[in-house]
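The values are calculated or read from the model by the stated rules, or taken from the named source; none is laboratory data. Bear in mind that the values here come from a model prediction, so they are computed numbers and not experimental data. Don't worry about glycine lacking a Cβ; one is built from the backbone with ideal geometry, like all the others, and counts go over all protein chains shown. Accessible surface is based on the protein model in full, side chains and every heavy atom, while ligands, DNA and RNA are left aside. Shrake-Rupley method; radii C 1.70, N 1.55, O 1.52, S 1.80 Å.
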Amino acid sequence: MRYITTPIYYVNDVPHLGHAYTTIIADTLARFYRLQGHETLLLTGTDEHGQKIEQAAKARNFTPKEYADKISSEFKKLWDEFEISYDIYARTTDSRHIEFVKDLFLKMWKKGDIYKDKYEGYYCISCESFFTKIQLKDENACPDCGKKTELLEEESYFFKLSKYQDAILKWYEEADPILPKNKKTELVNFVQSGLKDLSITRTSFDWGIKLPDEIKDNKHIIYVWLDALFIYVSSLDFLNQGKNAKFWPAHLLLVGKDILRFHAVYFPAFLMSANLALPRFIGAHGWWTKEGEKMSKSKGNVIKPKDIADAYGLDAFRYFLLREVPFGNDGDFSETMLINRINSELNNEFGNLLSRIVGMSLKYSNGIILNEGILENFKTEFDVVQKHLEDSIIFLENLQPNRYLEELFKALAVANLSITKYEPWNLIKKGEVKKANALIGLCANILAKVSLLLSPTLPKSTAKVAESLNFKIDTKNYQALILEKQLLNFKVNAQEALFTKIEKPLLAQEAPLQQEQKIKIDDFAKIEIKVAMVKACENIQGSKKLLKFQLELDNGELRQVLSGIAEYYKADELIGKQVCVITNLKKAKIFGYESDGMILTAQSGDDCVLIGPKELVLNGSLIS
Ligand code: ME8
């Protein structure tokens, strides 16, 4: 039985490359386990409580639940478009989860692991994490994300984390649960340096799970991490011991390195307190950057996974993510590297091999490929290939997807090199027809075996190989072709190319980042900015981003202006508000509508906020 989870993503932001990375690795593993015949469950979902979400929702005039519904469905939609094979899409606002967390809190309380005190220290809203003064960077910045923390002084319930320090260290030692293994040292040092009891309730905002009624203290809500981590258990309908309850403990919790501490220190302690079993493995991967920088909306360098998949194909995107970076290392997204991998690996080594096999077999043997003579003529090649296949499985099981793929491409190289070396067309000319057919049989079997093992990563293109060679990608064939080393006969159908060579980058080039540049006052004077009142505002059908405004300027003049802020504001809530607008821009046509001006906004972190006068002023007032 294999239960595998992704983190549940915060709903303060839409999905980006990093989220897609974790989810695609998890999906690949789940597909691989299913192929092996394991009963498998994959969970993903969203993390919806806490101060960060409450603030994000307020800033956009949504209730937290409305906002959570909206972003959660965007995550789900993307995973559906990406054909992520999740079994459970979990949300922390589900009543089943809320009931579970309350029950859990009560159990830990009754056990004597929770006590009431006062919290005095710092809090990073972005990481939803507590810090002491000495842990902070300059100007009270969060040591993890660098954002400013806030000083908290509030009554709080505490969890006796310190009590579990030795047990956690023992678990690291005995179960060896952390992957990659080099991440363990960091954790051991952190735990050995002394665990302080952890504040696990907050009182200064509302958006979270209340304490269980039995505790009779309803101004507290449960700390978002204690809430969120237990989604992995609650979603199995564990409280009612539903049919999925048997999947706990999880085989693998997959996380980014940013949240390893929560999963590998706090979570095991909570689980021990609740008398629940600990997960078998926790795998922490590295961080993706764009040109060495953290991705953020304010820098304008966020990579949208959908854009890449739309431009290059889902399989190529999946392959690149898994192949490019050793699991655990950080990676920098480069479109050039993606293109190189498509051209030299997916197209040259994989796609072309299918074309060559199809072409030769249709030409020489009516599309019939028999497994006769393969072992007599090409035993060495066959053995080398089987070894690569076996190694690839071990690498994937050890969470080294790049090496698993490397091994499979080494196996493909054996086929491609054999064709170059033995030249079946010359063998036929020389009358060695049996050897030529055996060679084609060898290559077709290599391609079929590799495709079986590649299928978790490249579900679409391997399905095309299977269709073309007429065999099934399933557990039975995994058993027969990979484990029992059997050879198949094939009846080949023609198939269009699996991949095409990419000649030039396909992603729309983003404007280069503005360097710090000084302008003269006269340059600034050329820009006319005025205050305008929103008279009407509506969404534009077919666009998620655009709002269409009718703005009133001097003397009742009305202007139509489009602005890409629909993700941040509801149209009807803006009517009657004053905004700042550049009025002397050349007119533009956007989405078929004329736009005569530009509304100014501030990029505040990942948020986008409209700018307007502090007090009501005359419409059309000049800004200087
Ligand atoms: O932390 N590179 O949610 P989150 C690689 N709700 N992976 C990245 C990444 C990047 N640049 N950015 C994000 C939370 N990720 C909590 C989790 S679990 C009980 C609660 C991935 O939306 C990576 O997996 O901030 C990281 O751990 C996760 O997204 C954080 O997502």
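Inspect region 74-83 for any residue being among the basic types (Lys, Arg) and either within 13 Å of the ligand (Cβ to nearest atom) or buried (at least 19 other Cβ atoms within 10 Å of the Cβ) (or both) and give the result as yes or no.
From region 74-83, those among the basic types (Lys, Arg) are 76-77; that's our starting set.
In the following step, the residues that additionally are either within 13 Å of the ligand (Cβ to nearest atom) or buried (at least 19 other Cβ atoms within 10 Å of the Cβ) (or both) were identified as none.
Scanning region 74-83, I find no residue that is among the basic types (Lys, Arg) and either within 13 Å of the ligand (Cβ to nearest atom) or buried (at least 19 other Cβ atoms within 10 Å of the Cβ) (or both), so the answer is no.
For region 494-594, please list each of the strands (runs of 3 or more DSSP E) lying entirely inside it that holds at least 3 residues being closer than 30 Å to residue 64 by Cα.
Working: elements: 529-539, 547-552, 558-563, 578-582, 588-590.
Here the list reads 529-539, 547-552, 558-563, 578-582.
Where residues in region 442-482 are part of a helix (DSSP H, G or I) and free of Cβ contacts under 8 Å to residues at least 12 places away in the same chain, which of them is most open to solvent (accessible area, probe 1.4 Å)? Outline the logic, then answer.
Residues of region 442-482 part of a helix (DSSP H, G or I): 442-454, 459-469, 475-482.
Still in the running and free of Cβ contacts under 8 Å to residues at least 12 places away in the same chain: 462-463, 476, 480.
On the way: 462: 1, 463: 52, 476: 160, 480: 15 Å².
Step by step, filter region 442-482, then rank; the result is 476.
For residue 25, are the conditions met, namely being open to solvent by 10 Å² or more (accessible area, probe 1.4 Å) and either touching a Ser or Thr at 6+ places or on another chain (Cβ under 9 Å) or modelled with pLDDT under 95 (or both)? Walk me through how you get there before you give the answer.
Numbers: open to solvent by 10 Å² or more (accessible area, probe 1.4 Å): no; either touching a Ser or Thr at 6+ places or on another chain (Cβ under 9 Å) or modelled with pLDDT under 95 (or both): yes.
Judged against the criteria, residue 25 is not a match.
Where residues in region 178-229 are hydroxyl-bearing (Ser, Thr, Tyr) and closer than 30 Å to residue 280 by Cβ, which of them is farthest from the ligand (Cβ to nearest atom)?
Step one: list which residues in region 178-229 are hydroxyl-bearing (Ser, Thr, Tyr), which gives 185, 193, 199, 201, 203-204, 223.
Checking which are closer than 30 Å to residue 280 by Cβ leaves us with 185, 193, 199, 223.
Details: 185: 20, 193: 23, 199: 18, 223: 12 Å.
Step by step, filter region 178-229, then rank; the result is 193.
Would you check if residue 259 is in a strand (DSSP E or B) and either within 8 Å of the ligand (Cβ to nearest atom) or among the hydrophobic types (A, V, I, L, M, F, W, C) (or both)? Lay out the reasoning, then the answer.
On the way: in a strand (DSSP E or B): no; either within 8 Å of the ligand (Cβ to nearest atom) or among the hydrophobic types (A, V, I, L, M, F, W, C) (or both): yes.
Against the criterion (in a strand (DSSP E or B) and either within 8 Å of the ligand (Cβ to nearest atom) or among the hydrophobic types (A, V, I, L, M, F, W, C) (or both)), residue 259 does not qualify.
Which condition breaks for residue 275 when tested against (1) under 30 Å from residue 196 (Cα atoms); (2) surrounded by 22 or more Cβ atoms within 10 Å (Cβ to Cβ); (3) more than 16 Å from the ligand (Cβ to nearest atom)?
In the conditions (1) under 30 Å from residue 196 (Cα atoms); (2) surrounded by 22 or more Cβ atoms within 10 Å (Cβ to Cβ); (3) more than 16 Å from the ligand (Cβ to nearest atom), residue 275 misses (2) alone.
Hey, could you check region 230-256 for residues that are among the aromatic types (Phe, Trp, Tyr) and within 13 Å of the ligand (Cβ to nearest atom) and say which is nearest to the chain's Cα centre (by Cα)?
Filtering region 230-256 down to residues among the aromatic types (Phe, Trp, Tyr) leaves 230, 232, 238, 247-248.
Retained after the next criterion (residues that are within 13 Å of the ligand (Cβ to nearest atom)): 230, 232.
Details: 230: 20, 232: 17 Å.
Here the answer is 232.
Exactly one condition in (1) touching a Cys at 6+ places or on another chain (Cβ under 9 Å); (2) closer than 24 Å to residue 11 by Cβ; (3) part of a loop (DSSP other than H, G, I, E, B) is false for residue 143; which is it?
Failing condition for residue 143: (2).
Restricting attention to region 198-221, does a residue exist that is modelled with pLDDT of 95 or more and within 26 Å of residue 24 (Cβ to Cβ)?
There is no residue in region 198-221 that is modelled with pLDDT of 95 or more and within 26 Å of residue 24 (Cβ to Cβ).
Open to solvent by 30 Å² or more (accessible area, probe 1.4 Å) and either at pLDDT 95 or above or not in a helix (DSSP H, G or I) (or both): does that describe residue 318?
It is false that residue 318 is open to solvent by 30 Å² or more (accessible area, probe 1.4 Å) and either at pLDDT 95 or above or not in a helix (DSSP H, G or I) (or both).
Is one or more of the residues making up region 413-435 open to solvent by 20 Å² or more (accessible area, probe 1.4 Å), modelled with pLDDT of 95 or more, among the hydroxyl-bearing types (Ser, Thr, Tyr) and not in a loop (DSSP other than H, G, I, E, B)?
Yes, because at least one residue in region 413-435 is open to solvent by 20 Å² or more (accessible area, probe 1.4 Å), modelled with pLDDT of 95 or more, among the hydroxyl-bearing types (Ser, Thr, Tyr) and not in a loop (DSSP other than H, G, I, E, B).
Report, ordered by the first and then the second residue, all pairs with beta carbons closer than 7 Å, sequence separation of six or more or different chains, a first member in region 241-256 that is of a type in the set (S, T, N, Q), and a second member that is open to solvent by 10 Å² or more (accessible area, probe 1.4 Å) and part of a loop (DSSP other than H, G, I, E, B).
Close Cβ pairs satisfying both conditions: 244/237.
Could you pull out the residue among 344, 361 that is open to solvent by less than 70 Å² (accessible area, probe 1.4 Å) and free of Cβ contacts under 8 Å to residues at least 12 places away in the same chain? Talk me through it step by step, then tell me what you get.
Numbers: 361 fails: free of Cβ contacts under 8 Å to residues at least 12 places away in the same chain.
Matching residue, one of 344, 361: 344.
Given the options 373, 367, 351, name the one that is open to solvent by 10 Å² or more (accessible area, probe 1.4 Å), in contact (Cβ under 8 Å) with a residue 24 or more places away in the chain and more than 16 Å from the ligand (Cβ to nearest atom). Outline the logic, then answer.
Details: 367 fails: open to solvent by 10 Å² or more (accessible area, probe 1.4 Å); 351 fails: open to solvent by 10 Å² or more (accessible area, probe 1.4 Å).
The conditions single out 373.
Any chance region 178-188 includes a residue that's in a loop (DSSP other than H, G, I, E, B) and surrounded by 20 or more Cβ atoms within 10 Å (Cβ to Cβ)? Lay out the reasoning, then the answer.
Kept after step one, since they are in a loop (DSSP other than H, G, I, E, B), are these residues of region 178-188: 180-182.
From what's left, surrounded by 20 or more Cβ atoms within 10 Å (Cβ to Cβ): none.
No, every residue in region 178-188 fails to be in a loop (DSSP other than H, G, I, E, B) and surrounded by 20 or more Cβ atoms within 10 Å (Cβ to Cβ).
Could you pull out the residue among 13, 27, 47 that is charged (D, E, K, R), under 27 Å from residue 393 (Cβ atoms) and within 16 Å of the ligand (Cβ to nearest atom)? Explain how you work it out, then say what you get.
Numbers: 13 fails: under 27 Å from residue 393 (Cβ atoms); 47 fails: under 27 Å from residue 393 (Cβ atoms).
It is 27.
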